[in-house]
Amino acid sequence: MASMKIKKGDRVVVLSGKDKGKTGEVTRSIPKEGKVVVGGINVATRHRKPSQANPQGGLEKIEAPLHASKVAIATADGKPTRVRFEVRDGTKVRVAVKTGETING
């Protein structure tokens with residue numbers, strides 16, 4: 001698989017689904033599956049039975065992974081942009097297609 005264009009710590013905009021238009025930070029990247037976990041986005045509720053570790057049980061909210069194609073890097077003004085790789089000063093860097101600025105990381 002090609003290099004993941006979205007990494008942990010990136011600010012992203014959701015492009016489709018129930019959370020369309022929301023922004024958040026990537027908390028985890030799963031390159032093997034081509035998925036990312038975004039903080040506060042795609043929250044699933046799990047019903048947990050009481051157990052030794054959690055004697056209370058109850059509802060547990062967890063962030064489910066999203067496919068990387070459903071999110072795009074956010075520019076400084078919060079709009080989505082695609083990412084391309086360029087070689088600048090002898091190093092391979094990620095560049096925002098809309099603005100041409102280098103994405104840190």
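The values are calculated or read from the model by the stated rules, or taken from the named source; none is laboratory data. For clarity, every value in this text was computed on a predicted model and none was experimentally measured. Glycine also receives a Cβ, built like all others from the backbone with ideal geometry; neighbour counts cover every protein chain displayed. Just the protein is used for accessible areas: all its heavy atoms, side chains included, with ligands, DNA and RNA removed. Shrake-Rupley method; radii C 1.70, N 1.55, O 1.52, S 1.80 Å.
Annotations
- The 3J(HN,Hα) values that the Karplus relation (6.51, -1.76, 1.60; θ = phi - 60°) gives for segment 44-57 are, in residue order, 10, 9, 10, 8, 10, 6, x, 9, 4, 5, 10, x, 6, x Hz. Gly and Pro appear as x.
- Kirkwood hydrodynamic radius over Cα pairs of the chain, then Stokes diffusion coefficient at 37 °C and 0.692 mPa s, in µm²/s: 216 µm²/s
- Cβ-derived FRET efficiency at R0 22 Å, Ile62 paired with Lys32, nearest 0.05: 0.65
- Here the dipole of the chain is about 260 debye; that uses its Cα centre as origin and unit charges on the Cβ of Lys and Arg (positive) and Asp and Glu (negative).
- The magnitude of the dipole of segment 62-105, with charges of +1 and -1 set on the Cβ of Lys/Arg and Asp/Glu and taken from the Cα centre, is near 180 debye.
- Within the same chain, lysines fewer than 8 places from Lys18 are excluded, and of the rest, those with a Cα less than 29 Å from its Cα are Lys5, Lys7, Lys8, Lys32, Lys35, Lys49, Lys61, Lys70, Lys79, Lys98.
- Estimated at 0.36 nm per residue, the fully extended path between Lys8 and Ser51 surpasses their Cα-Cα distance by 12.3 nm.
- If you sort Arg94, Arg84 by accessible surface, 1.4 Å probe, largest first, the order is Arg84, Arg94.
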